[in-house]
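Asks: Following this message is one structure expressed as structure tokens.
The values are calculated or read from the model by the stated rules, or taken from the named source; none is laboratory data. Note that the structure is predicted; figures quoted are calculated from it, not measured. In this analysis, Cβ positions are derived from the backbone assuming ideal geometry, glycine residues included, and neighbour counts consider all displayed protein chains.
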Amino acid sequence: MTTASFPHLLKHIAVPAIAAAALCSSAQAKEHPIPQLVKRDGRYALFVDDAPYFILGAQVNNSSGWPALLPQVWPAMEFMHANTVEIPVYWEQLEPKPGQFDYSVVDALLAGARSHQLRLVLLWFGTWKNGNPHYLPEWMKLDTEHYPRVTDERGRPTDSPSPFATATLEEDTRAFAAFMAHLKMADPQHTVIMVQVENEPGTGGNMRDHSPQAEKLFASPVPSEILKAMHVQPSDSPPNWRDAFGRDAEVCFHNWAVAKYIGHVAAAGKAAYPLPIYVNAAPGTDRGAALRDTNKPNGLARYEEGGPSGNNLPIWKTAAPALDMICPDNYARDATGYIKDLDTYHRDDNALYIPETGGSPRFFFFALGHQAIGFSPFGMDFTKTRDIPDAARPKDELLTPWAKTGTKEFIAPFAATYRLINPMSREIARLNFEGKLQATAEQQGQLAQDLPFGKWSAVVSYGVWARYARPVGNPEPMGSALVAQLNDHQFLVAGFYSRVDFRPADPEKHRQFLRVEEGVYENGAFKFLRLLNGDQTDGGLDFSSDPLVLRVSVAIY
Ligand code: DGJ
């Protein structure tokens, strides 16, 4: 059923039926409160069914969101142990003719996710998809006069939609609002927990729009709220973009234009149905969204200019207040780059969510340690879109993670981590929200790390090959650990390829293990399996390739 047809149907429903429906929907709302981002004591959580929820996510390949392909999606989620799947919704499919909406694909996603006990994050592939207008409906693609592209410096149209195109903005706003209204009606149980608006917006290879309208605005005064947000010193006459931002003027200008546009679309969507809505930032230099190289104002060929890179977040927060989060697509290959991205987007005014990622599965623990509300590797399904001969594969697979997407081989490394976390994901989300959890992973050359918990420190070390040996590091960085404080002297500990021990804050004292319980989480509760002791604990608590969860009680002597 379409939203367009819904008001028309209402005429035929008798008044008592409407009252009953209203009662029923308010009962449903109570039973299934709408997912929302909650901030408490400076920390964020995504509340789903009224409790913190950690998104153990997986994003499917770009063309896998069609009903015929879904049989290759759901088993991949089971194999990976994901609790949430990110799937695109294609504007070109949703609105094949102006104002005519086809919700059959969205409804198939809802039904499929429900029958596989999965939640959904839907990705609105609208005006921008990786900076391009490729998902506009055909009737818009064919009419570039009405729905213009960014104009380059030489006056030529580019393969990127103009953020000043009023008609495109109106169409996107209307379509996105209709889609959200449909979700509100079709998904009272909140299978969909968040929505991403657009995908990696911005413009590759061009700094900004040079259309006559854009030129005029570029030479006009910068809105005062943007000056304030970017801490530009006040001056006697209101500065234009060049005066205010010098060599970064074009970047700031395009950010403002794109943010305003998307903020408008998001606001209309939220007015229809107030689910959390976020935007994702394309990876920049070194494949981390935060790492746009500000020393190179020109020549950023592979970066989507105008997308929310770390240095421009205040512009986005100001120009697009309807967005709940600005999220980094984090494809950084090394731990330093990865962490820099997390640091940049984990802000007091921004909850951290990683809507796309690749690389080492141990990066999950960096994200958790930065209080992320979720994590979603990209390319997770069994559609195997391309077969690249081994010999033709780049040496560093991480550079082109999509070269192997759609295969078991690609998903397997993440599956162990998700298998560990999934049964206790609610507990993990709660402990993180309450500030009781810390997590970390191995970095090149760092043999041990301290996680302070008041009277105790958890000491995580890597490559300890004998009972009382010193750590030498794993052959390559692969270790990880999470530690959560359950009460003063009791901790939940899990991880891979690491050793965890506890040290009292008082250097004169020593720790003793009172109880090291191995267990499994079932229905959200720790179920005791056995006590570990002797060889299994004398040197510390060892974590290897298999998921292992310990509840550890320590004492001082
Ligand atoms: C980032 C984009 O957001 C995704 O949709 C996809 O295109 C990946 N890059 C790589 O294929």
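Asks: Does ARG347 qualify as being crowded, with 24+ Cβ neighbours inside 10 Å and more than 16 Å from the ligand (Cβ to nearest atom)?
Replies: So ARG347 fails the test.
Asks: Return the residues of the range 156-190 that are touching a strand residue (DSSP E or B) at 6+ places or on another chain (Cβ under 6 Å) and of a type in the set (D, E, K, R); say none if nothing qualifies.
Replies: Scanning the range 156-190 gives ASP159, ASP172.
Asks: Let me ask something else about it. With respect to THR127, is the statement that it is within 16 Å of the ligand (Cβ to nearest atom), hydroxyl-bearing (Ser, Thr, Tyr) and in contact with a helix residue (DSSP H, G or I) (Cβ under 7 Å, 6 or more places away or on another chain) true?
Replies: So THR127 fits the description; yes.
Asks: Checking ILE421 against (1) modelled with pLDDT under 95; (2) away from the ligand (no atom under 16 Å from the Cβ), which single condition isn't satisfied?
Replies: Every condition holds for ILE421 apart from (1).
Asks: Output the number of residues of the range 232-289 satisfying the condition of being within 16 Å of the ligand (Cβ to nearest atom) and part of a loop (DSSP other than H, G, I, E, B).
Replies: So the count comes out to 5.
Asks: Ok, one more. Within the range 381-403, work out how many residues are modelled with pLDDT under 85 and either crowded, with 19+ Cβ neighbours inside 10 Å or away from the ligand (no atom under 12 Å from the Cβ) (or both).
Replies: Within the range 381-403, residues that are modelled with pLDDT under 85 and either crowded, with 19+ Cβ neighbours inside 10 Å or away from the ligand (no atom under 12 Å from the Cβ) (or both) number 14.
Asks: Shifting gears a bit: Given the conditions (1) more than 16 Å from the ligand (Cβ to nearest atom); (2) at pLDDT below 95; (3) not in a loop (DSSP other than H, G, I, E, B), report the number of the one that ASP450 does not fulfil.
Replies: (2) is the only condition that ASP450 fails.
Asks: Right, here's the next one. From the list ALA494, ALA484, pick out the single residue that is of a type in the set (Gly, Ala, Ser), crowded, with 21+ Cβ neighbours inside 10 Å, in contact (Cβ under 8 Å) with a residue 60 or more places away in the chain and touching a helix residue (DSSP H, G or I) at 6+ places or on another chain (Cβ under 9 Å).
Replies: Among ALA494, ALA484, only ALA494 is of a type in the set (Gly, Ala, Ser), crowded, with 21+ Cβ neighbours inside 10 Å, in contact (Cβ under 8 Å) with a residue 60 or more places away in the chain and touching a helix residue (DSSP H, G or I) at 6+ places or on another chain (Cβ under 9 Å).
Asks: Could you tell me which numbered condition ARG467 fails, if it satisfies all but one of (1) within 17 Å of ALA51 (Cα to Cα); (2) in a loop (DSSP other than H, G, I, E, B)?
Replies: For ARG467, the failing item is (1).
Asks: Here's another thing I want to ask about it. Would you kindly identify the strands (runs of 3 or more DSSP E) lying entirely within the range 143-201 that contain at least 1 residues that are more than 21 Å from the chain's Cα centre (by Cα) and buried (at least 24 other Cβ atoms within 10 Å of the Cβ)?
Replies: 149-151, 157-161
Asks: Just wondering, is there one or more residues in the range 506-525 that are modelled with pLDDT of 95 or more, under 25 Å from GLY445 (Cα atoms) and outside any strand (DSSP E or B)?
Replies: No, the range 506-525 contains no residue that is modelled with pLDDT of 95 or more, under 25 Å from GLY445 (Cα atoms) and outside any strand (DSSP E or B).
Asks: Okay, moving on. Yes or no: the range 50-70 includes at least one residue that is within 16 Å of the ligand (Cβ to nearest atom) and under 23 Å from ARG174 (Cβ atoms).
Replies: So far as the range 50-70 goes, yes, one or more of its residues are within 16 Å of the ligand (Cβ to nearest atom) and under 23 Å from ARG174 (Cβ atoms).
Asks: Counting just the residues of the range 324-342 that are assigned to a helix (DSSP H, G or I) and within 16 Å of PHE375 (Cβ to Cβ), which one comes out nearest to the ligand (Cβ to nearest atom)?
Replies: Per the stated criteria, the residue is ASP341.
Asks: PRO321 passes all but one of (1) surrounded by fewer than 21 Cβ atoms within 10 Å (Cβ to Cβ); (2) of a type outside the set (Ser, Thr, Tyr); (3) at pLDDT 90 or above; (4) within 16 Å of the ligand (Cβ to nearest atom); which number fails?
Replies: Result: PRO321 fails condition (4) only.
Asks: Quickly run through the range 101-142 and pick out the residues that are within 22 Å of the chain's Cα centre (by Cα) and hydrophobic (A, V, I, L, M, F, W, C).
Replies: VAL106, LEU109, LEU110, ALA113, LEU118, LEU120, VAL121, LEU122, LEU123, TRP124, PHE125, TRP128
Asks: Report yes if some residue within the range 499-521 is on the phi > 0 side of the Ramachandran plot and touching a residue at least 40 places away in the same chain (Cβ under 8 Å); otherwise report no.
Replies: Within the range 499-521, not a single residue is on the phi > 0 side of the Ramachandran plot and touching a residue at least 40 places away in the same chain (Cβ under 8 Å).
Asks: For residues in the range 198-230 being in contact with a helix residue (DSSP H, G or I) (Cβ under 7 Å, 6 or more places away or on another chain) and more than 28 Å from GLY269 (Cβ to Cβ), which is nearest to the ligand (Cβ to nearest atom)?
Replies: It comes out as MET207.
Asks: Continuing with this model, one more query. For ILE411, are the conditions met, namely being at pLDDT below 95 and part of a helix (DSSP H, G or I)?
Replies: So ILE411 fits the description; yes.
Asks: Restricting to the range 85-109, count the residues that are crowded, with 20+ Cβ neighbours inside 10 Å, of a type in the set (A, V, I, L, M), touching a helix residue (DSSP H, G or I) at 6+ places or on another chain (Cβ under 7 Å) and more than 23 Å from THR203 (Cβ to Cβ).
Replies: Total meeting the criteria: 4.
Asks: Would you please list the contacts, defined by Cβ atoms under 7 Å and residues six or more apart or on different chains, that run from a residue in the range 328-347 that is over 24 Å from LYS39 (Cβ atoms) to a residue that is of a type in the set (Lys, Arg) and buried (at least 19 other Cβ atoms within 10 Å of the Cβ)?
Replies: TYR331/ARG287; ALA332/ARG287; ARG333/ARG287
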